[in-house]
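Inspection log for the structure reproduced underneath, given as structure tokens.
Each value in this text was obtained by applying a stated rule to the coordinates, not by laboratory testing. Here the structure is a predicted model, which is why all the values come from computation and not from measurement. A quick note on method: Cβ atoms are made from the backbone with ideal geometry, for glycine too, and the neighbour counts reach across all protein chains shown.
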Amino acid sequence: MQEYGKRNKSLAKAVYIEEANLEDYIMVDMRDEEEVCAARIKGVPNIKETHALYNLAQDNPDKKILIHCKRGGRASAMGSKLVRLGCDNIYFFDDTFARFYEKFEIVGIAKDCLRDLQ
């Protein structure tokens, strides 16, 4: 199987900031809750469980599913896993979350997080 990506290697096809958009992809944030709480793309769901991502891909076979994380490592690994499971509509963002600030509306700030900082 062919691997894709410049920063991270994956069996899922790599997407870069120029191509990433909410019209062509169903974007999914697979970062941990604390990361998502601090900053996230408005309207993008947080799903990190393999079975849930698999079901999303299977339920939307005509849509491109773009998964992202903080630096691309977790998304590339999950992309490979989903491709091995037979999902051919999986893509991963092969760059850092910080790149999204220049293109998307980012919401959430650390003080919004529901955790005790004491």
Taking H placed 1.01 Å from N in the peptide plane, check which residues at least 5 places from PHE104 or on another chain put their amide H under 5 Å from its amide H. none
Cα-Cα over 21 Å: which of LYS42/LYS81; LYS9/LYS48; LYS9/LYS70; LYS13/LYS63? LYS42/LYS81
Multiplying the sequence separation of LYS103 and ALA52 by 0.36 nm and subtracting their Cα-Cα distance, what value in nm do you get? 15.7 nm
May I ask for log10 I(q)/I(0) of the chain at q = 0.12, 0.14, 0.18, 0.21 Å⁻¹, from a Debye sum over the Cα atoms as equal point scatterers with solvent left out? -0.40, -0.54, -0.87, -1.14
Which whole-number percent is the relative contact order of the chain (Cα, under 8 Å, 6+ apart)? 36 percent
In degrees rounded to 10, the 0-90 angle between helix 50-59 Cα long axis and the longest Cα principal axis of the chain is 60 degrees
Relative to the Cα centre, what is the charge dipole magnitude of the chain, using +1 at the beta carbon of each Lys and Arg, -1 at the beta carbon of each Asp and Glu, and rounding to the nearest 20 debye? 360 debye
Fully extended, how many nm does the chain gain between LYS64 and ASP88 (0.36 nm per residue separation, minus their Cα-Cα distance)? 7.8 nm
In degrees, nearest ten, helix 73-84 long axis to first principal axis of the chain (Cα): 30 degrees
